[in-house]
Amino acid sequence: MEFIGQRPIIDSFKDSIKQKTLSHAYALTGPSGIGKKTLAQYIAKMILCTGDDVPCGYCRSCRSFETGGNPGLIVVRNETQKILIGQIRDLIDNIGVRPAFGYKVYIIQDADRMTPEAQNALLKTLEEPPEYAVIILTTSIFESMLITVRSRLVQVKLKPYSFGEMKKILHRNGLDITDKEHIFNLSLGIPGKAMQLLNDKTFEESRNIIMDFLFKRDGFSELTLNQYLSNRKEVFSQCLDILESFYRDALLISFGVGDGLINYDKKDNILEYVSGINPGEIANKINNIQKIRDDLRHNMNYQLAVDLITLEG
Ligand SMILES: [Zn+2]
């Protein structure tokens, strides 16, 4: 199956495989949900393919990926909260065994979960890897790993997906984002985030209540929002994000920028909203949301936070 998006990364690996200039260790980095593990699998498939145009999809190695396991690929993932030194020692033992031909690929998922001891154990192998080994780490917090480890990795940064790419990815997962461009915009091009929003039954409900609150601006809609939030602490953060996205759109429109709106589907409502408020006030509202987020992290009373947000409309 063709990989959707991340073309520059895939082309560059294709090239390195052809030219036999692969590095021995890579770190795939990018926000959580962007598809690092899926890409790591695909790169492994490309490296292990014995056909011409990798991954050919037909050779024994390629087919083994569909049927559940390629002996040339070893995946290390955290079994507890952490990836422990024992797991890395097993990997090192395995690396010591030369393959009959071609490469052996090692994927360490969420590599930042390696304990410092595990990272130090891996370091020696990263310094002197056998020529047949390729180690691919995935991490959304690259910077949290030891600098000695990081300096021996080629960092490969995944890019957010376009709307078209996202549509295809979601379709493959049985989801449809047609007419829901705001979800794409809120997801920042990260498929995992978009899937979460699409699967989240409360998201549209929260969005509707926030829209009533902003666009009806009567006592009843304020009360509805207040009661909704009072009883459901778990949706508060999501509601703040939605509210902020509307304020940002309102700010853009009040400065005459019509492009790049998150909630493009509600442009008419936002236009009307903007006619009754000046840009400085909107900017203040955005600052207040940020402040409430910070204060909540520092143990602000939850109901007070709800009341403050409800006063913002
Ligand atoms: Zn193949």
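Just so it is clear, none of the values below were taken in a lab; they were calculated from the coordinates. None of the values given here were measured: they were computed from a predicted structure. Quick reminder, even Gly has a Cβ in these numbers, built from the backbone with ideal geometry, and neighbours come from all protein chains shown.
Charge dipole of the chain (Cα centre as origin; +1 on each Lys and Arg Cβ, -1 on each Asp and Glu Cβ, all else neutral): 1100 debye, rounded to the nearest 20. Rounded to whole numbers, the Karplus 3J(HN,Hα) couplings from phi for the range 277-292 are 8, 9, x, x, 5, 5, 4, 4, 4, 5, 4, 5, 4, 4, 5, 5 Hz, using 6.51 cos²θ - 1.76 cosθ + 1.60 with θ = phi - 60°, and x at Gly and Pro.
Ranking 56, 196, 8 by how far each Cα lies toward the positive end of the dipole of the chain (charges on Cβ) leaves 56 at the top. Residues whose amide H comes within less than 5 Å of that of residue 75, counting only those at least five positions distant or on another chain, are 107 (H built at 1.01 Å from N in the peptide plane). Could you work out the local net charge near residue 286, counting Lys and Arg as +1, Asp and Glu as -1, over the other residues with Cβ closer than 9 Å to its Cβ? Around residue 286, the charge tally is +1. Of the GluC sites (Glu not before Pro) found in the range 33-140, the ones in coil according to DSSP and having at most 13 other Cβ atoms within 10 Å of their Cβ are 79, 131.
Distance between the C-alpha centres of the range 233-257 and the range 88-112: 46 Å, rounded to the whole angstrom. Between residue 104 and 133, 134, the built amide H atoms are under 5 Å apart, and every one of these is 5 or more places off in sequence or on another chain. Along the axis of the charge dipole computed for the chain (Cβ charges of +1 for Lys and Arg, -1 for Asp and Glu, origin at the Cα centre), the listed residues 261, 237, 33 are led at the positive end by 33.
Sparsely packed loop sites in the range 158-262 (the GluC sites (Glu not before Pro) outside DSSP H, G, I, E and B with at most 12 other Cβ atoms within 10 Å) do not occur.
Over the chain, DSSP H runs of length four or greater, each weighted -39,500 (n - 2.57), average out per residue to a 222 nm ellipticity of -17000 deg cm²/dmol.
Along the axis of the charge dipole computed for the chain (Cβ charges of +1 for Lys and Arg, -1 for Asp and Glu, origin at the Cα centre), the listed residues 270, 97, 109 are led at the positive end by 97. Across the range 244-312, Cα pairs under 8 Å and at least six residues apart give a relative contact order of 33 percent. In terms of its alpha-carbon gyration tensor, the range 33-178 comes out oblate; a/c meets the 1.5 threshold, while b/c is at least as large as a/b. About its Cα centre, the dipole of the range 200-312 is roughly 200 debye, where the only charges are +1 on Lys and Arg Cβ and -1 on Asp and Glu Cβ. The amide H of residue 26, built 1.01 Å from its N in the peptide plane, has 135, 136, 137, 154 as neighbours under 5 Å, considering only residues 5 or more places off or on other chains.
Backbone phi angles across the range 51-64, fed through the Karplus curve with coefficients 6.51, -1.76 and 1.60 (θ = phi - 60°), yield HN-Hα couplings of x, 8, 8, 6, x, 5, x, 10, 5, 4, 4, 4, 5, 4 Hz in residue order; Gly and Pro are listed as x. Normalising by residue count, the chain has a Cα convex hull of 166 Å³ per residue.
Length, then width, then depth: along the principal axes, the Cα atoms of the range 200-312 run 38, 27, 27 Å. Separation of the range 180-230 from the range 284-303 is 18 Å, based on Cα centroids. Does the range 220-275 come out rounded, prolate or oblate by the C-alpha gyration tensor, with a ≥ b ≥ c the root eigenvalues, rounded set by a/c under 1.5 and, if not, prolate when a/b is larger than b/c and oblate if not? Judged from the Cα gyration tensor, the range 220-275 comes out prolate (a/c at least 1.5, a/b above b/c). For the range 170-255, rounded, prolate or oblate, judged on the Cα gyration tensor with a ≥ b ≥ c (square roots of eigenvalues), a/c < 1.5 rounded, else prolate if a/b > b/c? Cα axes put the range 170-255 in the oblate bin.
In the chain, the sites counted are chymotrypsin sites (Phe, Trp or Tyr not before Pro) in DSSP loop states with at most 14 other Cβ atoms within 10 Å, and the longest stretch holding none of them, exclusive of the sites, is 102-254.
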